[in-house]
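The values are calculated or read from the model by the stated rules, or taken from the named source; none is laboratory data. This one's a predicted model, so the numbers in the text were calculated from it and none came from an experiment. Neighbour counts run over all protein chains shown; Cβ positions are idealised from the backbone, glycine included.
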DNA sequence: ATGTCTTTGTGAACGCGTGCACAAAGATGG
DNA sequence: CCATCTTTGTGCACGCGTTCACAAAGACAT
């Protein structure tokens, strides 16, 4: 067991909590906006409002970086922008490669938020030979065969995967083998990576599903329509149903194949197909 | 103050913790894959591995939904798929609109993961008149003027914002006014919404910045190169520098304008421009 | 110089999420 | 029917993150 981890437990980097690190980019964005308006200083209350967080949280977050504020005044905008940028490692140049130049990959390549934060798209890579040479966002797409060479020549340590789910693990393995140690994964799959490699996941459909849950709850509260049974009764009924399923299967002779799949769920199995096999190994 | 919240504290929906809800889609995906391979049952250990989580966590998550497992055997795949789908509200049809049909919007429209989960793209909306009528992913783009009518005619309650940051809040307001109560925001801005409206945020560049932080830390550990001073010394130096800045500004006469911006950060202020003003109000 | 007023920085309490470890439940074999 | 073995469901403890509330620090006016 212990197949491999997806996201490290984050052994408390250098005293900076993971939750704080995740908010630093938020603060940075708000501060950059203030900087462009030539606002010299900002209070924790104002900045917190602009970043959409609690002011106490913001102050505690900044306290991990050091004492950069002035009591009675607030924080120096320019100085704070520099400190956060430095802490996040944005004062240096990060070459990244994007693998999988479909709709999403192209969108990412064109995304302006990268270049402005010290990220430089070093290469676009796609498995389709027909794509090779085509310019996307002003950069010629290169074939997957060149992957290893590109990584090494450019000293790339961050890779973005925007391939279909089926190809993601394979691409991931090649990226890691070539020296990439941080991966941003847009493919709907759980990636397995060796220790020391960071993976962050962005899943578009998962976000929508979470919204749907809350949406359903909201609708269900206003008028208790969909929810048929109480919690306890539901659990009992479930157990009952489950047993029935097993009895049917047993009676059917128990071959390896699915015996008719006669569940209440049989009608809900719409045209799927985008979800690939998860870890066939 | 208290300008408005971005993400609700999630007053413990119906006993199901928010963290659990966020993992349900993960389980669902893994289960769907098993279902397609006609696997009848699965143990918590196997399923946890496929979903990339701890098995105890998975069992506890499922315990919130009810007792759907069989001791000594595991969970019935088909049955669990149905239960989770129902809990997430995926047994019903959710019409969604996507606003902002640029690269990202088009990618989202083409994304197969939506349709397969009960989400139906009811309309694509863009502010550019030149886009109107153009088919994207087989759907004709409609102009922003039609927004309110589209929402109401289709009973849309979930909206996706993929516009530039500058337009996001305005679009958000119109969506909410028209009846949308859940929003998935891809624009790099903090959206302000009234109570009762859920907002989830996906920010591409923030994820990269978090990766950069860890990447820098990894590089810094292997060879202490970039980090110049120790923690305590750094805080002291910072305080010193900050004071110096203030003195300079004071000496310059203290006009509203930035007095030369002579910080150590002055050289790091590259060509930005994608970040819009944050909450001008 | 002294007092007042603003705002930071942080100690402390609380709640949530996670993971361990085990008892209970049920399947399976004799 | 009993014994054994597998796997679930959960009580419990621990650690992280959030929030409150306040003392200390500094600006600013007099």
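Restricting A:27, A:64 to those that are closer than 14 Å to residue A:88 by Cβ, in a helix (DSSP H, G or I) and near DNA strand C (Cβ under 9 Å from one of its atoms) reduces the list to A:64. The residue that is nearest to the chain's Cα centre (by Cα), among those in region A:175-190 that are more than 8 Å from chain B (Cβ to nearest Cβ) and farther than 17 Å from residue A:119 by Cα, is A:186.
Conditions tested, residue by residue: (1) touching a helix residue (DSSP H, G or I) at 6+ places or on another chain (Cβ under 8 Å); (2) within 11 Å of DNA strand D (Cβ to nearest atom); (3) modelled with pLDDT of 95 or more.
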{"residue": "A:9", "(1), (2), (3)": "no, yes, no"}
{"residue": "A:18", "(1), (2), (3)": "no, yes, yes"}
{"residue": "A:58", "(1), (2), (3)": "yes, yes, yes"}
{"residue": "A:69", "(1), (2), (3)": "yes, yes, yes"}
{"residue": "A:73", "(1), (2), (3)": "no, yes, yes"}
{"residue": "A:87", "(1), (2), (3)": "yes, no, yes"}
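With the requirement that a residue be at the interface with chain A (Cβ under 8 Å from one of its Cβ atoms) and away from DNA strand D (no atom under 12 Å from the Cβ), what does region B:39-56 give you? Once the filter is applied, which keeps residues that are at the interface with chain A (Cβ under 8 Å from one of its Cβ atoms) and away from DNA strand D (no atom under 12 Å from the Cβ), region B:39-56 yields B:40, B:50, B:51, B:52. Checking each residue in region B:141-165 for being over 23 Å from residue A:103 (Cα atoms) and assigned to a helix (DSSP H, G or I) picks out B:145, B:146, B:147, B:148, B:149, B:150, B:151, B:152, B:153, B:154. State whether one or more residues within region B:73-86 are at the interface with chain A (Cβ under 8 Å from one of its Cβ atoms), assigned to a loop (DSSP other than H, G, I, E, B) and more than 10 Å from DNA strand C (Cβ to nearest atom). There is no residue in region B:73-86 that is at the interface with chain A (Cβ under 8 Å from one of its Cβ atoms), assigned to a loop (DSSP other than H, G, I, E, B) and more than 10 Å from DNA strand C (Cβ to nearest atom). Looking only at residues of region B:105-140 that are part of a strand (DSSP E or B) and out of contact with any helix residue (DSSP H, G or I) (no Cβ under 9 Å at 6 or more places or on another chain), we find that the one that is nearest to the other protein chains (Cβ to nearest Cβ) is B:135. Do the conditions hold for residue B:97, that is, is it away from DNA strand C (no atom under 16 Å from the Cβ) and either in contact with a helix residue (DSSP H, G or I) (Cβ under 7 Å, 6 or more places away or on another chain) or part of a helix (DSSP H, G or I) (or both)? For residue B:97, the condition - away from DNA strand C (no atom under 16 Å from the Cβ) and either in contact with a helix residue (DSSP H, G or I) (Cβ under 7 Å, 6 or more places away or on another chain) or part of a helix (DSSP H, G or I) (or both) - is met.
Residues in region A:43-56 that are touching a residue at least 12 places away in the same chain (Cβ under 8 Å) and more than 7 Å from DNA strand C (Cβ to nearest atom): A:46, A:47, A:50, A:51, A:52, A:53.
Applying the condition of being touching a residue at least 60 places away in the same chain (Cβ under 8 Å) and more than 14 Å from every other protein chain (Cβ to nearest Cβ) to region A:164-174 and asking which residue is surrounded by the most Cβ atoms within 10 Å (Cβ to Cβ) yields A:171.
Could you tell me whether residue A:161 is over 19 Å from the mean Cα position of the chain (by Cα) and crowded, with 16+ Cβ neighbours inside 10 Å?
Numbers: over 19 Å from the mean Cα position of the chain (by Cα): no; crowded, with 16+ Cβ neighbours inside 10 Å: yes.
No, not satisfied.
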